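All remarks here apply to the structure that follows.
The values are calculated or read from the model by the stated rules, or taken from the named source; none is laboratory data. Quantities reported herein were computed from a predicted structural model and do not represent experimental measurements. Cβ sites come from the backbone with ideal geometry, for glycine too, and all protein chains shown count toward neighbours. Surface areas here come from the heavy atoms of the whole protein model, side chains and all, with no ligands, DNA or RNA. Shrake-Rupley method; radii C 1.70, N 1.55, O 1.52, S 1.80 Å.
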Amino acid sequence: MDLVALAPRELGHVLIDELGDRIIEQRDRLFLIKGKARPLFCQNLWLEPRIFKFKSISEAAKHLRSIQRNWWLHSTSHHRRAKLIAEQLPVLKPKRLDFLAPIPKSPLGSWTLLDSETMLYSTDCSSPFPDGEIEFNEDKENPPSRAYLKLWELFTITGVYPRSGSRVVDLGSSPGGWTWVLDALECQVISVDKAPLSPQLKLSNRVEYRAESAFAMEPFAVDWLFSDVICYPDRLLKLVQSWESVAANMVCTIKFQGQTDFKIVSEFLKVPGSGVIHLYNNKHELTWFRFKT
């Protein structure tokens, strides 16, 4: 076992397809896998998994406390015994974050019980949040949908986002959640969609709405390109390639319908300097980005 991968909620089947014969054992959303290559459809990765055999609850808790302070239980079996061990560890109370608030710096390990006397744990995980799930103090009045949380999450966890005065284009912007986020960052936003923006949005005069097709627009120089448009991944790839030379930074949602096309994801990753992540606020989709800022 080289890694432990936690599947996003309701997307375990997608992670199974991605991992194939790398799976050693599945325990609900938790997958024990071989190989160090990091899967894409993963909410949290346990990067240094270890096994610890113990005889008592106090011995198990003592072992974890001797390593570091903060631990998160992802219980998969022997739930009562696991809870008793957790009760002997320092209390961890996850807090909702404000947009762009600093992310936790203290190491957060994860653990579970494989049987009544066997613990699986990792001190090093890919996310500083419990089970990789970041929760925000949401704005439930202004955005027309929860899609805005994808940008909040990406900007918060990476610390990379457009600065005041940046020239940005939001393709396929209706109903306007991403445009709303970018306007709040004081960007100069060109918001493009044939469908109108939600009338409930209170946008500044920095926003220019264009009732055009995202795919018909001629590319032009911008600091940032954004797209949460609903389309097949191959069509989005062509859109990205057309803007690649003129958009310094790009953030797009790769949305899948039916089977997950991992080959097309590899084509996105051929764009120099780009990366792909499954955000907690993604569904059957991935967030692709290229940062130059």
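Residues of segment 198-218 that are part of a loop (DSSP other than H, G, I, E, B), over 13 Å from Leu171 (Cβ atoms) and touching a strand residue (DSSP E or B) at 6+ places or on another chain (Cβ under 6 Å): Arg206 alone. Filtered by the rule that a residue be closer than 19 Å to Ser242 by Cβ and either without any contact (Cβ under 8 Å) to a residue 12 or more places away in the chain or open to solvent by 70 Å² or more (accessible area, probe 1.4 Å) (or both), segment 177-226 gives Lys194, Glu212, Ala216, Glu218.
Being touching a residue at least 24 places away in the same chain (Cβ under 8 Å) and out of contact with any Phe, Trp or Tyr (no Cβ under 6 Å at 6 or more places or on another chain) is the filter; apply it to segment 97-107 and report the residue that is farthest from Arg163 (Cα to Cα).
Going through segment 97-107, the residues touching a residue at least 24 places away in the same chain (Cβ under 8 Å) turn out to be 97-101, 103-104, 106-107.
If we keep only those that are out of contact with any Phe, Trp or Tyr (no Cβ under 6 Å at 6 or more places or on another chain) too, we end up with 98, 100-101, 103-104, 106-107.
On the way: Asp98: 18, Leu100: 12, Ala101: 16, Ile103: 19, Pro104: 23, Ser106: 28, Pro107: 29 Å.
Among those residues, the one meeting the criterion is Pro107.
Within the bounds of segment 144-157, is there any residue that is over 21 Å from Ile277 (Cβ atoms), within 23 Å of the chain's Cα centre (by Cα) and basic (Lys, Arg)? No, segment 144-157 has no match at all.
Hey, Met119 hits all of (1) open to solvent by less than 50 Å² (accessible area, probe 1.4 Å); (2) assigned to a loop (DSSP other than H, G, I, E, B); (3) not small (Gly, Ala, Ser) but one; which does it fall short on? Going through (1) open to solvent by less than 50 Å² (accessible area, probe 1.4 Å); (2) assigned to a loop (DSSP other than H, G, I, E, B); (3) not small (Gly, Ala, Ser) one by one, Met119 breaks only (2). Has segment 134-144 got at least one residue that is in contact (Cβ under 8 Å) with a residue 24 or more places away in the chain, of a type in the set (A, V, I, L, M, F, W, C) and not in a strand (DSSP E or B)? The answer is yes; a qualifying residue exists.
In segment 243-264, of all residues being in a helix (DSSP H, G or I) and touching a residue at least 12 places away in the same chain (Cβ under 8 Å), the one that is nearest to Ile230 (Cα to Cα) corresponds to Ile264.
Here Ser173 does not qualify as outside any loop (DSSP other than H, G, I, E, B), closer than 17 Å to Trp243 by Cα and of a type in the set (S, T, N, Q). Checked against the criterion of being more than 21 Å from Thr287 (Cα to Cα), out of contact with any Lys or Arg (no Cβ under 7 Å at 6 or more places or on another chain), at pLDDT 95 or above and of a type in the set (A, V, I, L, M, F, W, C), segment 133-154 contains not a single residue that satisfies it. The residues on offer are Val240, Val189, and the sole one that is among the β-branched types (Val, Ile, Thr) and either within 30 Å of Phe41 (Cα to Cα) or part of a helix (DSSP H, G or I) (or both) is Val240. In segment 78-91, the residues that are without any contact (Cβ under 8 Å) to a residue 60 or more places away in the chain form Cβ pairs under 7 Å with partners that are of a type in the set (D, E, K, R) and in a helix (DSSP H, G or I), at six or more places apart or across chains, as follows: Leu89/Arg65. In segment 273-291, the residues that are open to solvent by less than 30 Å² (accessible area, probe 1.4 Å) and modelled with pLDDT of 95 or more reach residues that are in a strand (DSSP E or B) and of a type in the set (S, T, N, Q) with C-beta atoms within less than 6 angstrom, at least six apart or across chains, in these pairs: Leu279/Thr287; Glu285/Thr253; Thr287/Thr253; Arg290/Ser274.
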